[in-house]
Every structure is written in C-alpha cells, then in structure tokens.
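To keep things clear, I will list the structure first and then write my remarks on it.
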Amino acid sequence: MATALQNTRMLLRRTLSVKKNEILARNICFTSTLKSKKDEGTLKKDDEAKEVAAKNAKQKEAKAKLNMLLEAMSKESQKAFPAESELALATPKFVKKNKPLKTKLISTKIDSEMLQAVENVSKTFSKENEELKKNLIAKLESITDESEVARLEPFKPDKQKTADLNSLLNTLKVDVKKPKKKAPESHLAAVKIDNVYGADPSGIFRNANFKEESGTVSKLTTWEILYQKELELLATQPPSNGFQQMILWTKQGKVWQFPIDNEQGLEEEAQVGFHEHVFLEPYLKPWCPRRGPVRHFMELITVGLSKNPYLTVAQKKEHINWFRNFFDAQRSILIETGAIPDVPSKSPPSLSA
Amino acid sequence: MMSCPNLNSLIVQHLFKNGRFHSVWKSGRPVVTNNRHSFSSEAKEIVIPKYIPRGPTDILEALASTVKRDPTGPHYKFHDDPYLIPASNHAKRTYALAQEAGRKAASWIKQEHADLFNQRNAEPFIEAFSPVEKLTESTPMTEDLLKKYIRTSQVANAIHVYGKLDSSEIRSATKQSFLEFISFYNEEDQLSEELIEERWFRSGVKGMRDQVKSTWKSNGLAERIFSGLDTKTPEAYHALICGMVKHGQAVGAWEHYNQMLADGFQPDLMTYNSILKISGIIREDGEYIISLIDDILTSMAHAGIKPDVRSLNAALQSISRMPITRVAREKASRLMSDFKSIGVKPSLGTYTSLLKIFCRDKGPRSNILIDIVRRIENEMPPIQDVEDVTFFSEAMKNCNYHLDDVQLAKRLHSLLSSSQNQVFIGDSYKESVYYRSFLLLLSRAEGPEAFMEMYRHLVPHIYTPEQNVFENVIKSISSSSAIQYVPELWSDARYFELSERDSVLEALLEALTCGSGPDPTIVIDKNDVDPVLATARAIMSHVNQVIKTAEEKDRTISLRWTGSMLGNLMKLFLQYGDLDSADEVMIKVNQLKNQLSSYFPLATLNIFIEKCIERQNSATALMAIDYAAEMGYENVTTMAQRISEQLKLDEKQQQKLSSILSNAPAPSEAS
C-alpha cells in the first residue's frame, strides 16, 4: 500500500481535480458570473491546500466516490490525471448530429467568454499549458454535446451506468427517491399527451364492403327531416347583431331575399308565357257571335284584360266566363233588342248563329 | 302580365349571335374559335369564372361574420339605453323573456282579432304575418292537411286530424310518415320555432336531462298505430325503435329490435345507431357491452351499411357507461381508429364522449383534451349531432376541474369566440357552466391584475357570475391582497343584485381587511375619501338600510349583522383612522350583543379600547367593556382596570364599570 504521504498527495490531486471539475461545471452553467469565478479560482489555489487538509478526514470516502462518478462522465480527465481509480467505467455514447467542425483554437460550441476563461486558467497552471488548454476545451465541448443529447433525445438509460450509480448510492445510504417528474407545460417534448387515435384499429371494418350511399341512406325520410330541423333549432341563438336578425327574418319569409329580385313571390307567374295573357280571343271563340254589339263589347273587354298586368290568366278566364254566363242569362233581352240574331240554334249555350 | 325574358337567356343569345365564343354559359372554360380576327390583333382569352350559386342569406352571413361581439355593450336583444341594460342574471332573463312575451302578445292579437287585419298590402304576401287557420270542427279533414301539419311540426293538430280521418283513407306512405313524426316528438306539442328566447332559457328550468328515466308514452299513439298496421314493414319497426330510444325506452326498443330480426327484416342505419346508443343500458357488464357493440358493427359491415359519425357517437356514449376505466379507454381508442379507417370524421359530440370516458371524476388523469383542442383548431367539424352542443361546456369543466390548465382554457375560449363557432354554445345553462368554469380557473391560476382584466372583459355583458362564483372571485382577490379591486367588486355586487346575500357580504368585508392600511405617500384631499374606506362606509349604511326596510315592512330576510362582519368593519375603520364610524360600529355591537351569530374578535376590541383611551372617549369604551363582559372574554378585568386608570370617568360611569366587573365571570386564570 502507498505511504501516508503518497495517499495525501493522491487525495490532494483528487480534490484538486474535483474542484477543477466543479469550476468547469460552474463556468458552463453560469457564464455571466464567469469573471468572478475565475478570480476565485486563482485565489483559492493557495488556500486550497490548507482547506483541503482540514476537510479531508471527514470527506475522504465521499469525495473519492464522487470523483469516480465524475471521471465516469469524461474520457479526458482520465488522461490528464493518471489513473487514480482502477475502475474501468463505461463512457457515454455520443450521437453526433450535424455539429460544426472543431477547430483548434475556436470552437463554435463554447462561447468566446468561456474560451477566454480557459486561456486564463491554463495560464495559471503554466506547466501543462497547451495540453491543459486542449483538455479543458475538449471537456467543455463534450459537456455541451452531452447536454444537447440529453435535451433533444429521450433519456435512454445506460445499464452499466445505472448499475454503478445504484451501487454508489447504496453504499452512500442516501434516500433514493424516484425522480418524480411533474408534468410540465405542453411545449416540452417530454410530456406524453394522450392521442385521440392512440390505439390500433381492431379491424372490424377491415373486410367490409360498403354499399353506395344511396342504398344505405335511411328510408325514414320524415325522421331525417325532423332531425335536421332539430339540429338547426339547437344551433339558433338569439341574434347577436342586426345582420343575424335579418337572416332570421329572411328565413321566416318576412323580408326580401338578397340579391333583390323584384319577381320574388311570382315564380308561378314566370312559368306562364305572355301569349296566354295577351291572346284571349280563343276564350271568346266558342260562344261569342262574330259580329254585333256583343262581340264589340267583348273585344273591348279582351283588349283591356290583355293589357292588365295585375290579374292571373285564371282570373281573366274567370272574368270572361262571367260575361258569358251573364249574356246567357240575359239571352231573351238580347234577342228582343236585336243584339243577337234570332236564330234558334241546337246548342243553347252558344250565342253565335 | 308580361313576363320579362330572363336576363341570362339574353346574354346567352347575344353570345351565340356574336359567334365568337362557343362556350357553354355555366362552364369556366371558354373555347375561343376565332374565325374573324378583325376585332383584335391579339386573341385575348377571357376567362368567365364559374357561376357560384348564392343562397338568399349568403350576403347577410358574410356581413355578419365581420361583426364581433362587443364586450363593452349589452347583448343585441336588449335596448341600448343605460337604464335598460340588465346586469344581474335574473334581470337578463326577465328582460329577454319579456321581449318575447311582447311578440307573443302581438301574435295573439293578430290571431284573436283576425278580422281587423284584412288588408293585404305587401307584395309578395307574407305568410308569417297572416293569422294561422285554426282547426275547427268544420275544417275539411284531408290527407293533405295532415301532411301540412307534419311538415310544420304541429303535433296536436296533426293528431287531431289523424283521429278524425278514417284509417283506410290514408295512404301507407303518409301513415309511415305520421308514425315517424309521432315517434320523434313522442306526442308532445313543440314550442313554436319563433320562440327563440324561450328555447334558449328552457333547459335552465329542466336542468340536466335525466336520460335514464324514460319519457316514452307506453301504449301511446305510436304503439297503437304500429300494432294497428296490417303488415309490419321494416320502416315501421325502424320508426318505432328510433322513437323509443330517443325518449329513453331502452327495454321496449330492444324487444322490438329482436322481434324485427325474428321477422327477418334488415335494420337500417338509423336503427343500428339507436341500438348502439342503448347498448350501455341493456347490458350491464363492460365485456357484454363491448361484445354487443362489436356484434352490431360487424352486422352492419356484413349488410354493407356504412356507419356514420352518429354511429360513432352512439357507440362512445354506450362505452362511457362502462364501469372499468381502462377497458373503456382502450375500446374507445380502438373504435376511433376503426372509424378513421373507413373515413368517418369525428364531430364535437365524439370529443365530448371521449372526454367523459377518459377523464372520469375518480379515474386517473388524462390530458386528451390537449390533442382534441389541437385537432379542432386545425379543422372545426360542422354540426352533425345533437351532442355537439355539449362540447364546449364539458371541455371547459374539464380544464377547470380535471386538468387545471389555463393556457388550454384560453385556447378553447379563443376557439369559441370566433363568430362561426358561436352556434356550439348550446343554450343559456351550458353557457353559464362554461363561463363559470372559466372564471373559476382564471381566479385560481392568474394573478390579480391579469384576472381582473379578463373579468372586466367578460362581466357583466357576456356573463354574470352566480353567487358562489362571485364569492370565489372575492376570496381569490383577498388572498392575493389586491385590495385596490375590492371597491370595484362591491359595486359589481350591487349591480348583480348580490348585495343582500350574507355570504357575499362576509367575503367582501373579509377582503377589505386584507390590505395594509392607507398609503401614507398619497396626499389625500380633504374632500376625497379613500375608495376602500368609502366602500366600508357604503357597506355599513347599505346593510343598515336593508335591515331597516325589512323590519318596517315586516318582511323576513336572511341578512343579519354578524360579529365577524362588524369586526372586519371595525378593524378597517381603525386602520384608516375613521373613528366616528368606528364608534357607530361599537354602538351597533352593543345594541345587538347577543343576537350576533359570530364573535366580535377580541384583538379588534382591544385596539378600539386603546383608541378610545387616546381620545379620552369614555362612553364607547364602556360599551366595549360591556360587550366583552357579556361575551365572557377573559381579560375583562385587566381592560377595565386600564380604563379606570387611564380615563376620567364620572359617577355614573364608575358605577357602571363596577357593576360590569362584578357581573363579569371571575377570570379563572390570569391571561
């Protein structure tokens, strides 16, 4: 076994490395407080030895284990500080996405401020300057890599690491609490939202051969109409502005429809051709005499009626029929006065000879 | 009358005459045959756009979509006069129904005195304004009349006509139609379609419809017609089954369904939908429900009938009755995927059922609503099912009680606020549930400023909070010590007619004391009163007024002064240095002593006595001691001693003090 002095040296180095890692970690997380930390780092170097010696006795075991854990997370520090632990720890696997090329001096992954800090730190440890700088840069980069990976990808637990972690934690007799992740806001990728179409279909309709729409449309026509009416009624609310009130009135038929068509309501009349209104002579043909005052009178009537835009054809026919009946009733007077020729004809209703 | 040639035909004739364009009028593709190039050097292609047929209300709907709800003014149905704008829920309901009652009265007059409205000046004649022809004994009962009543949904008249008509006169098609009509309405006369307000407020009276209870009229007209049929056609079966299911008669529908299958008839889509809907009622256990649903769906598939969105909704409704959550969820998800595979898109009713299945009261938490809202934001389904209108109120309840998620609630609210989605709110009850949940959620989740902004936006024109919601609001404001909003809440309480409820007043007074006293940096003008102080004074005078008028008119009211109310008032007055009002409060306390339902707090009493001593006001100090002694507070004697030391008391007061002390219960332990 090593001597006490060697042990102390080993422990010194270990604690120094722990401090260094701590400083690195701190620098990465809080870049704004970088300058102050850097000063702290240079000052502390002198006091470190005294502090460490005092603390050592208490924290020896814990620090050793923590250091092991930290070393497990980086390859570089194993090279820089020759093996103090015999454990061959697993190294994390990187998933290299499109990362920019690492240049010797300038890396795009770490800030220029951090780079400056690295320079300063390496200057204090002037002996192993270049190598130290390289190591520090690489370490920073690896940490940013790891944090990217952890952020973007779901956590894939590495079995070896978890086994180590578990053993470590068991030995430390720390309360192992299962990290309870409270569901954070929905914009983080980690939250699982129940999907409406989460499950696979159960294949009921897989082999179904559905008929065309017309075959399957319900034959309950009245029911369907009533259902649609009910839906419409559910959807109507008291009108919330004047336009909606006008829509309601239009549907109830109380108001003109847009675009205004001044033949609204006269659709039936549109079917009737103008010739039926104008040419009324055929209605006179069966009964009216071809000459005489009656004919003259009836022709005046037809001319008037043909110019009348307010009556329907049926109404005009009705008027003519009325006259026909009237003349028929007054037949005797007409014969007496000589309006119609006095020829007894076989067909009484006809006034013509 | 000369019928004018159609404008369209003129143009077509012109086009054909010209000979340039041999294009069909309504197509969008012109075929230009340019045999004569004399008119233009370059052959310009003129594209005639396709004719878009417009309905009669399309222009109005386009205009209506530009108008948004203005939250600073009352709803359109109220008169826009400051005196006539309702604020409380009761007033809103009264005013809206009163307006409709006026319309009802007008149409009654038109009906009753139809002989006075003989002129027909309007062209075309408006049928809606003409009196309805009453059905009398002398009206000729014809089949056409029956059909007319079926078309216009007049149930009572249709039944009357049917009763009068001989059964053999009616064609089978009409009979079938009548059977469907009766089954749909269950022989109940419907509200006229014009009575929108009554329909809007109606469900508030009925409350939540209890679907388990059957309202179907057993051995009613529909069943009699059905049994009276010589040949029971499949359509008749369909009509009867659908009607029974609609009105809750699940058992009878199931029996008829089995009967129909035994007779060898094929059910149609509507029947299948109805049976899916009652699967949850006729089968109890979850497994049996699932097996029944699967059976029905497979028989639909075999028969080649494509299920539609209503089938999906019906199946999900049945599933929501299953007791075991995990099984229900799984089945529901599978069904959703199944229906997606045949191309059926869900409607809002589907989403409502999903919410009911996934987010049960006592079940595990589910945030399926987030996915649902995302889908709706992408594409809002049109209204297809009666259940669609229940979605928004259910979703907001879910946000509030189940998920406790403000962001989601706000997204939901912005969805509802767009004018074409207003139709989905349902009726006044669902609207109040929706806004109630929204407001409660906001009061819990947001800070006072943000919350009050939203509150002012919604209240009072869009929504007036009910009593317990309002109390919650006050409590949340007081717990965040935002005392600057309390005067506003007091004036709102008066506005909403909630100022005579004792719980509201208790909450308000509690809220008033959450502040830290008057701001010393603000220089107060002599005539200006701090709003918090003014509020306290106003509350005191208001309560006194209310109690006084009630006593004068000999009415019993529930509003009484309580010790806590008076304690809070006193505390506030002392905080703001309004000692006159504090004296008033003390007098009141003394007056009411034993009638106060809760105790006047001792700490406030002590502070008051201190102030009295400062001012050398012995009368009120004595009152305080009197009260303390009666209530049996412990350190009466010490207080009394202080008073006798510090204050100058005259003969009578000394006597009184000693009498109080002697009557006071002996202090067991020195405090």
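The values are calculated or read from the model by the stated rules, or taken from the named source; none is laboratory data. Model, not experiment: these values are computed from the prediction. Because the Cβ atoms are built from the backbone with ideal geometry, glycine has one as well, and the counts that use them run over all protein chains shown. Side chains are part of the model used for accessible areas, which takes the heavy atoms of the whole protein and leaves out ligands, DNA and RNA. Shrake-Rupley method; radii C 1.70, N 1.55, O 1.52, S 1.80 Å.
Some notes on this structure:
- When B:K548 is tested against the conditions (1) modelled with pLDDT under 90; (2) open to solvent by less than 20 Å² (accessible area, probe 1.4 Å); (3) outside any loop (DSSP other than H, G, I, E, B), the lone failure is (2).
- B:I425 meets each of the listed conditions (1) open to solvent by 20 Å² or more (accessible area, probe 1.4 Å); (2) over 26 Å from B:Y576 (Cβ atoms) apart from (1).
- Any chance B:P53 is exposed (fewer than 15 other Cβ atoms within 10 Å of the Cβ), in contact with a helix residue (DSSP H, G or I) (Cβ under 6 Å, 6 or more places away or on another chain) and free of Cβ contacts under 8 Å to residues at least 24 places away in the same chain: no
- The one condition in (1) touching a residue at least 60 places away in the same chain (Cβ under 8 Å); (2) among the acidic types (D, E); (3) more than 10 Å from every other protein chain (Cβ to nearest Cβ) that B:E194 fails to fulfil: (3)
- Of all residues in segment B:122-137, those that are over 19 Å from B:A106 (Cα atoms) have Cβ atoms under 8 Å from Cβ atoms of residues that are in a helix (DSSP H, G or I), 6 or more apart or on another chain, in B:L135/B:N157; B:L135/B:H160; B:L135/B:V161.
Yes/no matrix, rows are residues, columns are (1) in a loop (DSSP other than H, G, I, E, B); (2) within 10 Å of another protein chain (Cβ to nearest Cβ):
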position	(1), (2)
B:I289	no, no
B:I293	no, yes
B:S299	no, no
B:K306	yes, yes
B:L312	no, no
B:L316	no, no
B:A328	no, no
B:R334	no, yes
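- Matching residues in segment B:122-141 - criterion: being within 14 Å of chain A (Cβ to nearest Cβ) and open to solvent by 50 Å² or more (accessible area, probe 1.4 Å): B:E123, B:F125, B:E127, B:F129, B:V132
- Inter-residue pairs, beta-carbon under 6 Å, first facing chain A (nearest Cβ under 7 Å) and without any contact (Cβ under 8 Å) to a residue 24 or more places away in the chain and in segment B:354-374, second hydroxyl-bearing (S, T, Y) and open to solvent by 10 Å² or more (accessible area, probe 1.4 Å), 6+ apart: B:I372/B:Y351
- Number of the condition not met by A:T250 [criteria: (1) open to solvent by less than 60 Å² (accessible area, probe 1.4 Å); (2) more than 10 Å from every other protein chain (Cβ to nearest Cβ)]: (2)
Listed here are the residues, each with its yes/no results for (1) of a type outside the set (G, A, S); (2) at pLDDT 90 or above; (3) within 21 Å of B:E197 (Cα to Cα).
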{"residue": "B:R29", "(1), (2), (3)": "yes, no, no"}
{"residue": "B:N34", "(1), (2), (3)": "yes, no, no"}
{"residue": "B:T57", "(1), (2), (3)": "yes, yes, no"}
{"residue": "B:A62", "(1), (2), (3)": "no, yes, no"}
{"residue": "B:T72", "(1), (2), (3)": "yes, yes, no"}
{"residue": "B:H75", "(1), (2), (3)": "yes, yes, yes"}
{"residue": "B:H79", "(1), (2), (3)": "yes, yes, yes"}
{"residue": "B:H90", "(1), (2), (3)": "yes, yes, yes"}
{"residue": "B:A106", "(1), (2), (3)": "no, yes, yes"}
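Per-residue answers, yes or no, for (1) more than 9 Å from chain B (Cβ to nearest Cβ); (2) surrounded by fewer than 17 Cβ atoms within 10 Å (Cβ to Cβ); (3) touching a Pro at 6+ places or on another chain (Cβ under 9 Å):
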| position | (1), (2), (3) |
| --- | --- |
| A:G242 | no, yes, no |
| A:L266 | no, yes, yes |
| A:L280 | yes, no, no |
| A:G292 | yes, no, yes |
| A:F297 | yes, yes, no |
| A:T302 | yes, no, no |
| A:N308 | no, yes, no |
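- Scan of segment B:336-350 for residues that are within 11 Å of chain A (Cβ to nearest Cβ), within 29 Å of the chain's Cα centre (by Cα) and open to solvent by 10 Å² or more (accessible area, probe 1.4 Å), ordered by number: B:P346
- Qualifying residue in segment B:300-307 (condition: open to solvent by less than 20 Å² (accessible area, probe 1.4 Å) and under 33 Å from the mean Cα position of the chain (by Cα)): yes
- Test for A:W256: is it farther than 30 Å from B:D338 by Cβ and either at pLDDT 90 or above or in a loop (DSSP other than H, G, I, E, B) (or both): yes
- When segment B:427-476 is filtered for residues that are free of Cβ contacts under 8 Å to residues at least 40 places away in the same chain, closer than 24 Å to B:T352 by Cα and in a loop (DSSP other than H, G, I, E, B), only B:Y463 remains.
- Test: residue in segment A:229-236 that is touching a helix residue (DSSP H, G or I) at 6+ places or on another chain (Cβ under 8 Å), under 16 Å from B:N273 (Cβ atoms) and at pLDDT 90 or above: yes
- Pick from segment B:175-189, criterion more than 9 Å from every other protein chain (Cβ to nearest Cβ) and open to solvent by 20 Å² or more (accessible area, probe 1.4 Å), ranking: nearest to B:K148 (Cα to Cα): B:K175
- Filter result for B:V386 (open to solvent by less than 50 Å² (accessible area, probe 1.4 Å) and in contact with a Lys or Arg (Cβ under 6 Å, 6 or more places away or on another chain)): no
- Qualifying residue in segment A:190-205 (condition: at the interface with chain B (Cβ under 8 Å from one of its Cβ atoms), under 30 Å from B:F201 (Cα atoms) and either open to solvent by less than 50 Å² (accessible area, probe 1.4 Å) or at pLDDT 65 or above (or both)): no
- Selection within segment B:164-174 - open to solvent by less than 60 Å² (accessible area, probe 1.4 Å) and either assigned to a helix (DSSP H, G or I) or acidic (D, E) (or both): B:T174
- Only one of the listed residues (A:W256, A:W287) is of a type outside the set (D, E, K, R) and touching a residue at least 12 places away in the same chain (Cβ under 8 Å). That residue is A:W287.
- Candidates are the residues of segment B:66-98 that are at the interface with chain A (Cβ under 9 Å from one of its Cβ atoms) and hydroxyl-bearing (S, T, Y); the one that is surrounded by the most Cβ atoms within 10 Å (Cβ to Cβ) is B:Y76.
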